[in-house]
1. State which residue is surrounded by the fewest Cβ atoms within 10 Å (Cβ to Cβ) when the search covers only the range B:81-99 and only residues that are facing chain A (nearest Cβ under 10 Å) and free of Cβ contacts under 8 Å to residues at least 12 places away in the same chain.
2. Pick from the range B:60-78 the residues that are of a type in the set (D, E, K, R) and within 10 Å of the chain's Cα centre (by Cα): which of them is nearest to the other protein chains (Cβ to nearest Cβ)?
3. Picking from A:ALA370, A:ALA358, which residue would you name as being within 18 Å of the chain's Cα centre (by Cα), closer than 17 Å to A:SER212 by Cα and of a type in the set (Gly, Ala, Ser)?
4. Please find, within the range B:29-53, the residue that is farthest from the chain's Cα centre (by Cα) out of those that are under 18 Å from B:GLY94 (Cβ atoms) and surrounded by fewer than 13 Cβ atoms within 10 Å (Cβ to Cβ).
5. Is it true that some residue in the range A:138-146 is at pLDDT 90 or above and touching a Cys at 6+ places or on another chain (Cβ under 9 Å)?
6. When only residues in the range A:95-149 that are within 20 Å of B:LEU52 (Cα to Cα) and aromatic (Phe, Trp, Tyr) count, which is nearest to the other protein chains (Cβ to nearest Cβ)?
Amino acid sequence: MKNNNTYRNQSMLKPLPKCPTGIAGLDEITGGGLPRGRPALVCGSAGCGKTLLALEFIVRGAMQFNEPGVFVSFEETSEELATNVRSLGFDLDDLIRRKKLAMDFVRVERAEIEETGEYDLEGLFVRLNMAIESVKAKRVVLDTIESLFSGLGNDTILRAELRRLFRWLKDKGVTAIITGEKGDATLTRQGIEEYVSDCVIMLDHRIHDQLSTRRLRIVKYRGSPHGTNEYPFIIDEKGLSVMPVTGLGLNHPASTARISSGIPRLDTMLGGKGYYRGSSILASGTAGTGKTSLATTFARATCQRGERCLYFGFEESPAQIIRNASSIGVDLQPWVDKGLLHFHSSRPTLYGLESHLAMMHKLIEEFGPATVIVDPVTNLVSAGLVQDVHSMLLRLMDYLKGRQITCFMTSLTQSGHALEQSEVMISSLIDTWLFLRDIELCGERNRGMYILKSRGMDHSNQIREFVLGKHGVQLLDVYLGPAGVLTGSARLAQEAKEQAEETAGKVERQRQQVEAQAKRKALESQIVALQAQLVAEHQAMESLRATDQAKQAMDRAERKAMAQCRRADASSIASSTGNHAKGNGK
Amino acid sequence: MNKTPARTDAATWDLRLYVAGRTPKSVAAFANLKKLCEEHLAGQYRIEVIDLLEKPQLAKGDQILAIPTLVRKLPQPIKKIIGDLSNTERVLVGLDLRPRA
């Protein structure tokens, strides 16, 4: 009994021994299985899966836990039962051959039986005992013992005998399941719950808005804590599986590891590293804003890391998703072939929400993905009421977070609604919320994206233009300028205009530069010319002075000669020599 | 108390009484049956008493549930009468010896 330790902290006494059913999910909510060595009652209306649950208990006991079982049917023959469960992969005949299972069909036909006085059900005891002994059974199922009430008339005897039977089963130490049809005001039509009071499980098959949902609830479980909610369960080709709602506490681990969104620019916006592993991401937006493209890009990024991705499509078939993704250069087929990517597409209206949840739960358990994509989550609203969707998603989130599975959901916003109205219900569950929107401008529609919130990381507050091209998703800066936010061709036009303006400016500047250079050159040549002139002037002046000196010398020589000629005295010559300027002036 | 009075030659009534041990109810049932047969079917019946504590495997064949159970194997069709057979009227009806009221 694997569960012996689970509740030790709650009680120092030896916990109730349990008998695992092997049914997916049921052992979790019962904390290990049914009470060992005691009878448990499984009740519910017709067609709710009582017989299957009971039979699975026996078959799994025989196959997985090596506990042989006895199945006593009051309604169907052994052959009928064997045929019914063959599709689930249960080979009853083989189990019978290997002495793992004994079946007995007890037929009670009122028309064939006349009651004449006192009797008891010793015959049933004898048969049961023989069956138990024949395979050394540890598990017993009585399905549906209430048929006795319709076959036999004396209720007083029946009740006394049933009480004795359950007592006897306890004494035998077998773990038993007794099934019972749901009554009007009671759990079972005949009030068997009075006698089988250790554990009562109720199954329900409810139709709401024409959608059916199977639910399971532990009505009571003496001596053991148990989940008290209604748990959805599904019956499919592998049997029964219950979706345990484990959202009892908010204690899931929080990873600091980051994973890429598949779009480098978006990673940059998300603090440079992408999403947190195990977080929940919502991409919401109106129709055609590229939600699925974001989802498929993320799916590819997951597979490229070598991790598994489980893709729930509620709108498109796998083939359609793959084709559409390839149109933006995201080729998913190789990943599907490699087994890293698994699609599960179904219409939301296929069955009720809870059944969807149980189905998703089961697939996640089987596939073990690192990333789960739900596209779109809003479509589920058509399978249930808004608050139901909320509670379902809450449980899904809790489950995924508990397992550190990253969940990417898309959500269709109704155009015309207030921005986040339709997502209000799930907003609180979301860690990273990408908002995609249309930007209508200049007669065209473009896609814009921004991060509405992203818990625990430094994220960009910018609106980016979201472009889907042949090479995948690209995020571009939008034009922010005096003309406001521009996208698409308006942005391109604005960019072209700016470029043209810039080019024109460049030419002008070049021209000015050339002009300035020319001017400078002119000035320089002027300077050269002037300098040459200066030199010439200087030379002219020099030569003038030389001439002048020569002339003075000549004058002096002439005067000397003249004085000599006139025989002037020496003093007069001397004075005339010393004051020649004066003498010149004379 | 296995094979009991195969009275005379032609036993057109083949009756089986299933019991589980010698309980007051089974003793009473056998006594009541014996008396009734003597009164209504003298010379043409055969009673086989089967104790399921000794032969539990026989319970399945005749779909025995209640104890005691009287099974009319012959004449056809098979009839089952449960209880200690204290209500003679109902036993007679059950054995088709008297039309249903």
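The values are calculated or read from the model by the stated rules, or taken from the named source; none is laboratory data. Predicted model only: the values in this text are computed from it and were never measured. Because the Cβ atoms are built from the backbone with ideal geometry, glycine has one as well, and the counts that use them run over all protein chains shown.
1. Ranking the qualifying residues of the range B:81-99, first place goes to B:GLU89.
2. Only one residue fits best here, namely B:ARG72.
3. Working: A:ALA370 fails: closer than 17 Å to A:SER212 by Cα.
The conditions single out A:ALA358.
4. Selected residue: B:GLU39.
5. Looking for residues that are at pLDDT 90 or above and touching a Cys at 6+ places or on another chain (Cβ under 9 Å), one finds at least one in the range A:138-146, hence yes.
6. A:TYR119
So that you can scan it fast, the table gives a plain yes or no per residue for (1) under 25 Å from A:VAL106 (Cβ atoms); (2) assigned to a helix (DSSP H, G or I):
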position: B:LYS34; (1), (2): no, yes
position: B:LEU65; (1), (2): yes, no
position: B:VAL71; (1), (2): yes, no
position: B:ILE81; (1), (2): yes, no
position: B:VAL91; (1), (2): yes, yes
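Condition check ((1) modelled with pLDDT under 90; (2) within 14 Å of chain B (Cβ to nearest Cβ); (3) over 16 Å from A:THR175 (Cα atoms); (4) crowded, with 19+ Cβ neighbours inside 10 Å) across all residues:
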{"position": "A:PHE57", "(1), (2), (3), (4)": "no, no, no, yes"}
{"position": "A:ASN66", "(1), (2), (3), (4)": "no, no, no, no"}
{"position": "A:GLY69", "(1), (2), (3), (4)": "no, no, no, yes"}
{"position": "A:VAL85", "(1), (2), (3), (4)": "yes, no, yes, no"}
{"position": "A:LEU92", "(1), (2), (3), (4)": "yes, no, yes, yes"}
